[in-house]
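The values are calculated or read from the model by the stated rules, or taken from the named source; none is laboratory data. Only a predicted model underlies this, so the values are computations on that prediction, with no experimental measurement involved. Positions of Cβ are generated from backbone atoms using ideal geometry, with glycine treated the same way; all protein chains shown enter the neighbour counts. Surface areas here come from the heavy atoms of the whole protein model, side chains and all, with no ligands, DNA or RNA. Shrake-Rupley method; radii C 1.70, N 1.55, O 1.52, S 1.80 Å.
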Amino acid sequence: MTIINIVLDTPSGEHKSAPLYRQIADAIEQHIASGTLSAGQKLPTHRALADQLKVTVGTITRAYAEVEQRELVEARVGAGTFVCQQNAPSWVYNYSPQEEEACNLGHNIPPHLDRSAMLKQAMGNLSHQPDQLNQMMLYHDPQGLEEHRQIVASWLQKKGLEIDPQRMHFTSGGQHAAHLLLSAFCRQGDTLLVEQVTYPGFLSLARQQQINVKPVEVDHEGIIPASLDAACRQFQPRMLYCTPTLQNPTTATMGEQRRREVIEVCRQHQVLLIEDDVNGLLPEQRPTPMLNLAPEQVIHIGGLSKCLAPGLRLGYIQVPQKLQQRLNTALHNHSLMISPLLTGLACEMLRNGDADRVLQQIHRDINARQQLVTQHLGKFAIQHTPDSFHVWLTLPEYWRLSDFVSAAEQQGVIIKSAEMFSPPGATIPPAVRLAISAPFSHHKLEQGLLILAELLEKDPMNDFPL
Ligand SMILES: Cc1ncc(COP(=O)(O)O)c(C=O)c1O
(Lines give C-alpha, C1' and ligand atoms only; values in the text may rest on other atoms or scores of the structure.)
Protein backbone atom coordinates (compact mmCIF):
# COMPACT_ATOMS: atom_id res chain seq x y z
CA MET A 1 0.00 0.00 0.00
CA THR A 2 1.25 3.53 -0.77
CA ILE A 3 2.32 5.45 2.34
CA ILE A 4 2.38 9.22 1.95
CA ASN A 5 4.45 11.17 4.43
CA ILE A 6 2.49 14.29 5.30
CA VAL A 7 3.27 16.62 8.19
CA LEU A 8 0.37 18.92 8.99
CA ASP A 9 0.77 22.42 10.42
CA THR A 10 -0.85 22.93 13.77
CA PRO A 11 -2.04 26.52 14.15
CA SER A 12 -0.28 28.33 16.93
CA GLY A 13 -1.11 31.72 18.47
CA GLU A 14 -1.98 34.38 15.86
CA HIS A 15 -0.84 32.25 12.93
CA LYS A 16 -3.66 30.67 10.98
CA SER A 17 -2.70 27.68 8.88
CA ALA A 18 -4.30 26.77 5.56
CA PRO A 19 -7.31 24.45 5.96
CA LEU A 20 -6.27 20.85 6.60
CA TYR A 21 -7.68 19.52 3.33
CA ARG A 22 -5.59 22.09 1.37
CA GLN A 23 -2.44 21.24 3.30
CA ILE A 24 -2.98 17.60 2.42
CA ALA A 25 -3.64 18.44 -1.23
CA ASP A 26 -0.47 20.60 -1.37
CA ALA A 27 1.57 17.82 0.18
CA ILE A 28 0.28 15.32 -2.39
CA GLU A 29 1.09 17.79 -5.16
CA GLN A 30 4.64 18.11 -3.84
CA HIS A 31 5.05 14.35 -3.68
CA ILE A 32 3.97 14.10 -7.31
CA ALA A 33 6.28 16.93 -8.40
CA SER A 34 9.27 15.38 -6.65
CA GLY A 35 8.51 11.93 -8.06
CA THR A 36 7.85 10.26 -4.68
CA LEU A 37 4.43 9.53 -6.09
CA SER A 38 4.66 8.44 -9.70
CA ALA A 39 2.17 8.19 -12.53
CA GLY A 40 -0.22 5.26 -12.17
CA GLN A 41 0.43 4.86 -8.43
CA LYS A 42 -2.65 4.30 -6.27
CA LEU A 43 -3.23 6.67 -3.34
CA PRO A 44 -4.19 5.22 0.08
CA THR A 45 -7.91 4.77 0.68
CA HIS A 46 -9.67 7.71 2.31
CA ARG A 47 -10.03 5.73 5.53
CA ALA A 48 -6.34 4.67 5.64
CA LEU A 49 -5.04 8.19 5.11
CA ALA A 50 -7.55 9.63 7.58
CA ASP A 51 -6.35 7.15 10.23
CA GLN A 52 -2.70 7.88 9.42
CA LEU A 53 -3.12 11.67 9.69
CA LYS A 54 -5.69 11.53 12.50
CA VAL A 55 -8.22 13.63 10.55
CA THR A 56 -11.75 12.87 9.46
CA VAL A 57 -12.58 10.88 6.32
CA GLY A 58 -14.45 13.97 5.09
CA THR A 59 -11.20 16.00 5.15
CA ILE A 60 -9.47 13.41 2.99
CA THR A 61 -12.42 13.32 0.59
CA ARG A 62 -12.10 17.10 0.17
CA ALA A 63 -8.32 16.87 -0.21
CA TYR A 64 -8.60 14.21 -2.93
CA ALA A 65 -11.30 16.24 -4.69
CA GLU A 66 -8.94 19.23 -4.62
CA VAL A 67 -6.02 17.30 -6.21
CA GLU A 68 -8.38 15.84 -8.76
CA GLN A 69 -9.48 19.34 -9.66
CA ARG A 70 -5.81 20.23 -10.14
CA GLU A 71 -5.76 17.31 -12.64
CA LEU A 72 -3.02 15.54 -10.70
CA VAL A 73 -4.99 12.41 -9.82
CA GLU A 74 -8.04 10.64 -11.13
CA ALA A 75 -10.67 8.74 -9.18
CA ARG A 76 -11.71 5.48 -10.88
CA VAL A 77 -15.05 4.12 -9.71
CA GLY A 78 -14.61 1.03 -7.57
CA ALA A 79 -10.83 1.02 -8.02
CA GLY A 80 -9.49 4.02 -6.07
CA THR A 81 -7.58 7.23 -6.76
CA PHE A 82 -4.54 7.14 -9.06
CA VAL A 83 -1.76 9.58 -9.93
CA CYS A 84 -2.15 10.88 -13.52
CA GLN A 85 0.61 11.25 -16.08
CA GLN A 86 1.62 14.89 -16.19
CA ASN A 87 1.83 16.85 -19.44
CA ALA A 88 4.83 16.33 -21.64
CA PRO A 89 7.68 18.73 -20.96
CA SER A 90 8.58 20.84 -23.98
CA TRP A 91 11.68 18.79 -24.82
CA VAL A 92 9.93 15.47 -25.47
CA TYR A 93 9.62 16.02 -29.20
CA ASN A 94 9.26 19.02 -31.40
CA TYR A 95 5.51 18.66 -31.67
CA SER A 96 3.34 21.37 -33.15
CA PRO A 97 0.55 22.57 -30.80
CA GLN A 98 -1.99 20.42 -32.76
CA GLU A 99 0.21 17.34 -32.45
CA GLU A 100 0.68 18.03 -28.74
CA GLU A 101 -3.09 17.96 -28.32
CA ALA A 102 -3.50 14.80 -30.36
CA CYS A 103 -2.51 11.27 -29.49
CA ASN A 104 0.41 11.12 -31.89
CA LEU A 105 1.17 7.56 -32.95
CA GLY A 106 3.10 8.75 -35.98
CA HIS A 107 6.77 8.91 -34.97
CA ASN A 108 8.91 5.84 -34.46
CA ILE A 109 10.85 7.29 -31.53
CA PRO A 110 12.08 5.87 -28.22
CA PRO A 111 9.73 6.44 -25.29
CA HIS A 112 10.16 9.61 -23.28
CA LEU A 113 12.92 9.37 -20.66
CA ASP A 114 14.70 12.07 -18.74
CA ARG A 115 18.31 11.63 -19.89
CA SER A 116 19.64 14.95 -18.63
CA ALA A 117 21.39 13.52 -15.54
CA MET A 118 23.11 10.88 -17.64
CA LEU A 119 24.34 13.45 -20.15
CA LYS A 120 25.56 15.71 -17.36
CA GLN A 121 27.45 12.81 -15.85
CA ALA A 122 29.08 11.90 -19.18
CA MET A 123 30.07 15.53 -19.79
CA GLY A 124 31.43 15.77 -16.26
CA ASN A 125 33.58 12.66 -16.73
CA LEU A 126 34.93 13.90 -20.02
CA SER A 127 35.70 17.31 -18.56
CA HIS A 128 38.30 15.67 -16.28
CA GLN A 129 40.22 14.20 -19.21
CA PRO A 130 42.08 17.09 -20.90
CA ASP A 131 44.12 14.86 -23.23
CA GLN A 132 40.98 13.20 -24.53
CA LEU A 133 39.24 16.55 -24.90
CA ASN A 134 42.11 17.93 -26.97
CA GLN A 135 42.19 14.83 -29.10
CA MET A 136 38.48 15.19 -29.80
CA MET A 137 39.01 18.71 -31.11
CA LEU A 138 41.16 17.48 -34.04
CA TYR A 139 40.63 15.93 -37.47
CA HIS A 140 40.82 12.13 -37.53
CA ASP A 141 40.57 9.24 -39.92
CA PRO A 142 36.96 8.91 -41.30
CA GLN A 143 36.64 5.59 -39.48
CA GLY A 144 36.65 7.31 -36.08
CA LEU A 145 39.05 7.14 -33.13
CA GLU A 146 40.31 3.63 -32.43
CA GLU A 147 39.67 3.92 -28.69
CA HIS A 148 36.02 4.85 -29.35
CA ARG A 149 35.61 1.97 -31.81
CA GLN A 150 36.97 -0.44 -29.19
CA ILE A 151 34.46 0.75 -26.59
CA VAL A 152 31.44 0.65 -28.90
CA ALA A 153 32.43 -2.69 -30.44
CA SER A 154 32.99 -4.37 -27.09
CA TRP A 155 29.58 -3.14 -25.86
CA LEU A 156 27.93 -4.48 -29.01
CA GLN A 157 29.85 -7.77 -28.81
CA LYS A 158 28.46 -8.33 -25.32
CA LYS A 159 25.04 -8.03 -26.93
CA GLY A 160 25.85 -10.72 -29.49
CA LEU A 161 26.96 -8.69 -32.51
CA GLU A 162 30.29 -9.78 -33.97
CA ILE A 163 31.37 -6.36 -35.11
CA ASP A 164 35.07 -5.76 -35.68
CA PRO A 165 36.56 -2.56 -34.19
CA GLN A 166 39.22 -2.60 -36.92
CA ARG A 167 36.62 -2.72 -39.67
CA MET A 168 33.65 -0.68 -38.39
CA HIS A 169 33.07 2.98 -39.27
CA PHE A 170 31.07 5.45 -37.21
CA THR A 171 28.23 7.30 -38.94
CA SER A 172 25.78 10.02 -37.89
CA GLY A 173 23.02 7.48 -37.26
CA GLY A 174 21.48 4.70 -39.34
CA GLN A 175 20.02 7.06 -41.91
CA HIS A 176 23.44 8.48 -42.66
CA ALA A 177 24.83 4.96 -42.93
CA ALA A 178 22.19 4.11 -45.55
CA HIS A 179 23.01 7.30 -47.44
CA LEU A 180 26.70 6.43 -47.49
CA LEU A 181 25.96 2.96 -48.82
CA LEU A 182 23.89 4.18 -51.68
CA SER A 183 26.41 6.84 -52.65
CA ALA A 184 29.41 4.50 -52.32
CA PHE A 185 28.05 1.32 -53.90
CA CYS A 186 25.14 2.25 -56.22
CA ARG A 187 24.76 4.29 -59.34
CA GLN A 188 21.77 6.13 -60.75
CA GLY A 189 19.47 3.61 -62.48
CA ASP A 190 20.60 0.61 -60.39
CA THR A 191 17.92 -1.62 -58.91
CA LEU A 192 17.61 -2.53 -55.23
CA LEU A 193 15.22 -4.94 -53.60
CA VAL A 194 13.35 -4.07 -50.42
CA GLU A 195 10.68 -5.69 -48.27
CA GLN A 196 7.14 -5.21 -49.62
CA VAL A 197 6.61 -2.51 -46.98
CA THR A 198 9.71 -0.83 -45.63
CA TYR A 199 11.32 2.09 -43.82
CA PRO A 200 10.24 5.29 -45.65
CA GLY A 201 13.59 6.99 -44.95
CA PHE A 202 15.25 4.42 -47.18
CA LEU A 203 12.66 4.83 -49.95
CA SER A 204 13.15 8.56 -49.87
CA LEU A 205 16.93 8.20 -50.17
CA ALA A 206 16.64 5.84 -53.10
CA ARG A 207 14.22 8.22 -54.84
CA GLN A 208 16.61 11.11 -54.36
CA GLN A 209 19.51 9.14 -55.84
CA GLN A 210 17.33 7.89 -58.71
CA ILE A 211 17.77 4.26 -57.75
CA ASN A 212 14.96 1.86 -58.67
CA VAL A 213 13.38 -0.02 -55.81
CA LYS A 214 11.46 -3.27 -56.25
CA PRO A 215 9.40 -4.98 -53.56
CA VAL A 216 9.87 -8.58 -52.38
CA GLU A 217 6.99 -10.43 -50.77
CA VAL A 218 7.07 -10.96 -47.03
CA ASP A 219 5.30 -13.16 -44.51
CA HIS A 220 5.16 -13.01 -40.69
CA GLU A 221 8.96 -13.64 -40.60
CA GLY A 222 9.90 -11.12 -43.27
CA ILE A 223 11.43 -11.75 -46.72
CA ILE A 224 10.20 -14.97 -48.37
CA PRO A 225 13.28 -16.71 -49.87
CA ALA A 226 11.43 -18.03 -52.95
CA SER A 227 10.08 -14.56 -53.75
CA LEU A 228 13.56 -13.13 -53.27
CA ASP A 229 14.95 -15.69 -55.68
CA ALA A 230 12.29 -14.80 -58.27
CA ALA A 231 12.93 -11.06 -57.85
CA CYS A 232 16.70 -11.57 -58.22
CA ARG A 233 16.12 -13.44 -61.50
CA GLN A 234 13.73 -10.81 -62.80
CA PHE A 235 15.57 -7.60 -61.80
CA GLN A 236 19.27 -8.50 -61.33
CA PRO A 237 19.49 -6.13 -58.37
CA ARG A 238 22.70 -4.79 -56.90
CA MET A 239 21.55 -5.11 -53.29
CA LEU A 240 18.81 -6.26 -50.98
CA TYR A 241 17.91 -3.84 -48.17
CA CYS A 242 16.11 -5.48 -45.24
CA THR A 243 15.45 -5.09 -41.51
CA PRO A 244 15.55 -8.64 -40.15
CA THR A 245 14.83 -7.69 -36.52
CA LEU A 246 11.63 -5.86 -35.56
CA GLN A 247 11.00 -4.71 -39.08
CA ASN A 248 9.64 -1.23 -39.60
CA PRO A 249 6.64 -1.22 -40.10
CA THR A 250 5.53 -4.86 -39.67
CA THR A 251 7.54 -5.80 -36.52
CA ALA A 252 8.45 -9.13 -38.22
CA THR A 253 11.67 -10.80 -37.04
CA MET A 254 13.40 -13.45 -39.13
CA GLY A 255 14.37 -16.65 -37.33
CA GLU A 256 17.90 -17.97 -37.84
CA GLN A 257 16.87 -20.50 -40.48
CA ARG A 258 15.14 -17.79 -42.52
CA ARG A 259 18.22 -15.57 -42.20
CA ARG A 260 20.43 -18.35 -43.55
CA GLU A 261 18.05 -18.98 -46.47
CA VAL A 262 17.92 -15.29 -47.40
CA ILE A 263 21.72 -15.06 -47.24
CA GLU A 264 21.99 -18.14 -49.45
CA VAL A 265 19.73 -16.69 -52.14
CA CYS A 266 21.75 -13.46 -52.10
CA ARG A 267 24.98 -15.45 -52.36
CA GLN A 268 23.71 -17.41 -55.36
CA HIS A 269 22.79 -14.20 -57.20
CA GLN A 270 25.80 -12.22 -55.95
CA VAL A 271 23.56 -9.64 -54.35
CA LEU A 272 24.91 -7.64 -51.41
CA LEU A 273 22.68 -7.78 -48.39
CA ILE A 274 22.13 -4.67 -46.27
CA GLU A 275 21.12 -5.65 -42.74
CA ASP A 276 19.48 -2.60 -41.14
CA ASP A 277 19.77 -3.43 -37.45
CA VAL A 278 18.62 -0.15 -35.87
CA ASN A 279 16.11 -2.12 -33.79
CA GLY A 280 18.45 -5.05 -33.21
CA LEU A 281 19.23 -4.19 -29.60
CA LEU A 282 15.60 -3.94 -28.53
CA PRO A 283 14.59 -7.61 -28.15
CA GLU A 284 15.69 -9.17 -24.87
CA GLN A 285 16.60 -12.32 -26.83
CA ARG A 286 18.12 -11.04 -30.04
CA PRO A 287 18.37 -13.52 -32.94
CA THR A 288 21.80 -14.08 -34.50
CA PRO A 289 22.64 -11.01 -36.57
CA MET A 290 23.13 -11.67 -40.29
CA LEU A 291 26.57 -10.06 -39.99
CA ASN A 292 27.66 -12.95 -37.75
CA LEU A 293 26.42 -15.47 -40.32
CA ALA A 294 28.05 -13.97 -43.43
CA PRO A 295 30.45 -11.07 -42.72
CA GLU A 296 31.77 -11.05 -46.29
CA GLN A 297 28.34 -10.73 -47.82
CA VAL A 298 26.49 -8.51 -45.38
CA ILE A 299 26.63 -4.76 -44.97
CA HIS A 300 25.57 -4.16 -41.39
CA ILE A 301 24.17 -0.81 -40.25
CA GLY A 302 23.00 0.07 -36.75
CA GLY A 303 23.08 2.79 -34.15
CA LEU A 304 22.18 4.02 -30.71
CA SER A 305 19.09 6.07 -31.69
CA LYS A 306 16.47 3.56 -30.59
CA CYS A 307 18.23 2.07 -27.59
CA LEU A 308 19.95 5.10 -26.07
CA ALA A 309 19.28 8.53 -27.58
CA PRO A 310 18.64 9.70 -31.16
CA GLY A 311 20.21 13.08 -30.35
CA LEU A 312 23.65 11.49 -30.03
CA ARG A 313 23.47 10.71 -33.76
CA LEU A 314 25.76 7.74 -33.32
CA GLY A 315 25.52 4.96 -35.87
CA TYR A 316 27.97 2.40 -37.24
CA ILE A 317 28.50 0.41 -40.36
CA GLN A 318 30.60 -2.59 -41.26
CA VAL A 319 31.07 -3.68 -44.87
CA PRO A 320 32.82 -6.69 -46.42
CA GLN A 321 36.60 -6.28 -46.54
CA LYS A 322 36.64 -5.68 -50.30
CA LEU A 323 34.36 -2.62 -49.94
CA GLN A 324 36.17 -1.07 -46.98
CA GLN A 325 38.23 1.46 -48.91
CA ARG A 326 35.28 2.73 -50.96
CA LEU A 327 33.28 3.29 -47.81
CA ASN A 328 36.16 5.18 -46.25
CA THR A 329 36.31 7.47 -49.27
CA ALA A 330 32.53 8.00 -49.24
CA LEU A 331 32.59 9.04 -45.59
CA HIS A 332 35.54 11.32 -46.21
CA ASN A 333 33.77 12.96 -49.14
CA HIS A 334 30.58 13.38 -47.18
CA SER A 335 31.78 14.94 -43.92
CA LEU A 336 35.46 14.00 -43.40
CA MET A 337 34.51 12.26 -40.16
CA ILE A 338 31.84 11.93 -37.47
CA SER A 339 32.07 14.34 -34.53
CA PRO A 340 34.51 12.68 -32.07
CA LEU A 341 32.97 14.72 -29.27
CA LEU A 342 29.51 13.17 -29.64
CA THR A 343 31.09 9.75 -30.06
CA GLY A 344 33.14 10.36 -26.92
CA LEU A 345 30.01 11.25 -24.93
CA ALA A 346 28.25 8.10 -26.12
CA CYS A 347 31.31 6.04 -25.13
CA GLU A 348 31.14 7.44 -21.60
CA MET A 349 27.52 6.30 -21.34
CA LEU A 350 28.37 2.83 -22.60
CA ARG A 351 31.34 2.58 -20.26
CA ASN A 352 29.64 3.70 -17.06
CA GLY A 353 26.56 1.47 -17.46
CA ASP A 354 24.05 4.26 -18.19
CA ALA A 355 23.36 2.90 -21.68
CA ASP A 356 22.42 -0.49 -20.22
CA ARG A 357 20.19 1.16 -17.66
CA VAL A 358 18.40 3.16 -20.37
CA LEU A 359 17.88 0.01 -22.40
CA GLN A 360 16.32 -1.68 -19.37
CA GLN A 361 14.00 1.30 -18.85
CA ILE A 362 13.00 1.19 -22.50
CA HIS A 363 12.25 -2.54 -22.21
CA ARG A 364 10.04 -2.04 -19.19
CA ASP A 365 8.21 0.91 -20.69
CA ILE A 366 7.60 -0.70 -24.08
CA ASN A 367 6.47 -3.94 -22.44
CA ALA A 368 3.84 -2.04 -20.45
CA ARG A 369 2.70 -0.15 -23.56
CA GLN A 370 2.40 -3.35 -25.58
CA GLN A 371 0.25 -4.82 -22.80
CA LEU A 372 -2.15 -1.91 -23.23
CA VAL A 373 -2.22 -2.70 -26.95
CA THR A 374 -3.11 -6.33 -26.25
CA GLN A 375 -5.78 -5.23 -23.80
CA HIS A 376 -7.48 -2.78 -26.15
CA LEU A 377 -6.71 -4.03 -29.67
CA GLY A 378 -6.04 -7.71 -28.96
CA LYS A 379 -9.10 -8.91 -30.83
CA PHE A 380 -8.17 -7.12 -34.05
CA ALA A 381 -5.57 -8.20 -36.63
CA ILE A 382 -2.44 -6.81 -35.01
CA GLN A 383 1.17 -7.83 -35.42
CA HIS A 384 3.40 -6.79 -32.51
CA THR A 385 5.94 -8.06 -29.98
CA PRO A 386 6.67 -7.09 -26.36
CA ASP A 387 9.75 -5.11 -27.45
CA SER A 388 8.67 -3.30 -30.61
CA PHE A 389 8.11 0.43 -30.70
CA HIS A 390 5.20 -0.03 -33.04
CA VAL A 391 2.24 -2.18 -34.01
CA TRP A 392 1.11 -3.21 -37.50
CA LEU A 393 -2.66 -3.24 -37.69
CA THR A 394 -4.51 -4.79 -40.64
CA LEU A 395 -7.90 -3.17 -41.01
CA PRO A 396 -11.22 -5.02 -41.10
CA GLU A 397 -12.38 -5.24 -44.72
CA TYR A 398 -15.20 -2.74 -44.20
CA TRP A 399 -12.67 0.09 -43.65
CA ARG A 400 -10.91 1.80 -46.57
CA LEU A 401 -7.32 2.67 -45.63
CA SER A 402 -7.51 6.41 -46.27
CA ASP A 403 -10.94 6.69 -44.61
CA PHE A 404 -9.65 5.01 -41.47
CA VAL A 405 -6.56 7.23 -41.24
CA SER A 406 -8.68 10.38 -41.61
CA ALA A 407 -11.38 9.15 -39.23
CA ALA A 408 -8.67 8.52 -36.61
CA GLU A 409 -7.13 11.92 -37.23
CA GLN A 410 -10.50 13.62 -36.88
CA GLN A 411 -10.74 12.09 -33.45
CA GLY A 412 -7.24 13.26 -32.57
CA VAL A 413 -5.23 10.08 -33.22
CA ILE A 414 -2.39 10.35 -35.73
CA ILE A 415 -1.35 7.10 -37.42
CA LYS A 416 0.58 6.18 -40.58
CA SER A 417 -0.95 4.47 -43.58
CA ALA A 418 0.75 1.52 -45.32
CA GLU A 419 1.04 3.80 -48.34
CA MET A 420 3.97 5.60 -46.69
CA PHE A 421 5.92 2.36 -46.43
CA SER A 422 5.21 1.01 -49.91
CA PRO A 423 7.73 1.26 -52.74
CA PRO A 424 6.42 2.45 -56.12
CA GLY A 425 4.37 -0.20 -57.89
CA ALA A 426 3.86 -2.36 -54.81
CA THR A 427 0.39 -3.52 -53.78
CA ILE A 428 -0.52 -1.47 -50.72
CA PRO A 429 -1.80 -3.66 -47.87
CA PRO A 430 -4.84 -2.39 -45.95
CA ALA A 431 -2.80 -1.71 -42.83
CA VAL A 432 -1.54 1.09 -40.61
CA ARG A 433 1.44 1.53 -38.30
CA LEU A 434 0.86 2.68 -34.74
CA ALA A 435 4.01 4.07 -33.12
CA ILE A 436 3.01 3.29 -29.56
CA SER A 437 6.30 4.51 -28.09
CA ALA A 438 5.61 8.08 -29.18
CA PRO A 439 2.92 9.43 -26.81
CA PHE A 440 4.42 11.03 -23.75
CA SER A 441 2.31 9.07 -21.30
CA HIS A 442 0.69 5.66 -21.09
CA HIS A 443 -2.53 7.48 -20.29
CA LYS A 444 -2.38 9.38 -23.59
CA LEU A 445 -1.59 6.16 -25.44
CA GLU A 446 -4.52 4.41 -23.82
CA GLN A 447 -6.88 7.22 -24.84
CA GLY A 448 -5.70 6.80 -28.44
CA LEU A 449 -6.05 3.02 -28.36
CA LEU A 450 -9.60 3.29 -27.03
CA ILE A 451 -10.53 5.64 -29.87
CA LEU A 452 -9.02 3.26 -32.44
CA ALA A 453 -10.76 0.24 -30.89
CA GLU A 454 -14.10 2.02 -31.10
CA LEU A 455 -13.50 3.02 -34.72
CA LEU A 456 -12.44 -0.51 -35.68
CA GLU A 457 -15.66 -1.93 -34.26
CA LYS A 458 -17.80 0.24 -36.42
CA ASP A 459 -18.54 -0.40 -40.06
CA PRO A 460 -18.44 3.08 -41.67
CA MET A 461 -20.97 1.99 -44.32
CA ASN A 462 -23.59 1.64 -41.61
CA ASP A 463 -23.22 5.34 -40.92
CA PHE A 464 -24.45 6.30 -44.39
CA PRO A 465 -28.16 7.03 -44.78
CA LEU A 466 -29.78 4.75 -47.36
C1 LIG B 1 14.45 0.81 -40.09
C2 LIG B 1 15.12 2.12 -39.77
N3 LIG B 1 16.36 2.36 -40.21
C4 LIG B 1 17.01 3.50 -39.94
C5 LIG B 1 16.42 4.49 -39.19
C6 LIG B 1 17.19 5.75 -38.92
O7 LIG B 1 17.63 5.81 -37.61
P8 LIG B 1 18.76 6.80 -37.09
O9 LIG B 1 18.11 7.66 -36.07
O10 LIG B 1 19.81 5.93 -36.50
O11 LIG B 1 19.27 7.59 -38.25
C12 LIG B 1 15.11 4.30 -38.72
C13 LIG B 1 14.43 5.35 -37.94
O14 LIG B 1 13.30 5.24 -37.56
C15 LIG B 1 14.46 3.08 -39.00
O16 LIG B 1 13.21 2.84 -38.56
Revision key, fill the gap. Normalised Cα Rg of region 20-83, dividing by 2.2 N^0.38 Å with N its residue count, works out at 1.00
Exercise for review: Using DSSP, restrict attention to beta bridges with both residues in region 164-284 and report what percent are antiparallel, rounded to the nearest 5.
Suggested key: 15
Check your understanding: Rounded, prolate or oblate: which one fits region 209-297, using the alpha carbon gyration tensor with axes a ≥ b ≥ c (rounded when a/c is under 1.5, else prolate when a/b beats b/c, else oblate)?
Key -> prolate
Check your understanding: Over the Cα atoms of region 242-287, how large are the radius of gyration and the largest Cα-Cα distance (Dmax), in Å?
Key -> 11.1, 33
**Study point:** At q = 0.13, 0.27 Å⁻¹, base-10 log of I(q)/I(0) for region 189-241 (Debye sum, equal scatterers on each alpha carbon)
**Key:** -0.28, -1.06
Exercise for review: Using amide H atoms built 1.01 Å from N in the peptide plane, name the residues 5+ places from LEU240, or on other chains, whose amide H lies under 5 Å from its own.
Suggested key: LEU193, LEU272, LEU273, ILE274
Practice item. Can you tell me the order of 422-434, 249-261 when each peptide is scored by its average per-residue count of other Cβ atoms within 10 angstrom, highest first? Key: 249-261, 422-434
Check your understanding: In the calculated pair distance distribution of region 149-218, what percentage of Cα-Cα distances lie above 15 Å?
Key -> 62
Check your understanding: Among residues other than PRO430 whose Cβ falls under 10 Å from its Cβ, what is the net charge (Lys/Arg +1, Asp/Glu -1)?
Key -> 0
Check your understanding: What translational D, rounded to a whole number of µm²/s, comes out for region 292-335 from Stokes-Einstein when the hydrodynamic radius is the Kirkwood one over Cα pairs, at 20 °C and 1.002 mPa s?
Key -> 181
Review point. Treating the beta-carbon of each Lys and Arg as +1 and of each Asp and Glu as -1, no other charges, what is the dipole magnitude of the chain about its Cα centre, to the nearest 20 debye?
Key: 540
Exercise for review: Calculate for the chain the 222 nm mean residue ellipticity that helices alone would give, adding -39,500 (n - 2.57) per DSSP H run of length 4 or more and normalising by residue count, nearest 500 deg cm²/dmol.
Suggested key: -13000 deg cm²/dmol
Practice item. Could you please put LEU341, LEU293 in sequence from largest to smallest accessible area, using a 1.4 Å probe? Key: LEU341, LEU293
Exercise for review: Normalise the Cα radius of gyration of the chain by 2.2 N^0.38 Å (N = residues in it) and let me know the number.
Suggested key: 1.15
Practice item. Output the peptides 182-189, 209-216, 133-140 sorted from most to least packed, where packing is the average of other Cβ atoms within 10 Å over each peptide's residues. Key: 209-216, 182-189, 133-140
Practice item. Could you tally the net charge around PRO287, taking each other residue with its Cβ under 10 Å from the Cβ of PRO287, Lys/Arg +1 and Asp/Glu -1? Key: +2
Revision key, fill the gap. Flagged as over-length at 25 Å C-alpha distance, from LYS159/LYS214; LYS416/LYS444; LYS159/LYS416; LYS306/LYS416, the pairs are LYS159/LYS214; LYS159/LYS416
Review point. Can you give the charge dipole size of region 20-83 about its Cα centre, rounded to the nearest 20 debye, using +1 on the beta carbon of Lys and Arg and -1 on the beta carbon of Asp and Glu?
Key: 200
Practice item. Quantify how much of the Cα-Cα distance distribution of region 118-165 extends past 15 Å, in percent. Key: 59
Study note, to complete from the structure: For LYS159 the rounded accessible area (nearest 10 Å², probe 1.4 Å, non-protein molecules ignored) is 50
Exercise for review: List the relative contact order of region 20-83 as a percent without decimals, with contacts defined as Cα pairs under 8 Å and 6+ residues apart.
Suggested key: 43
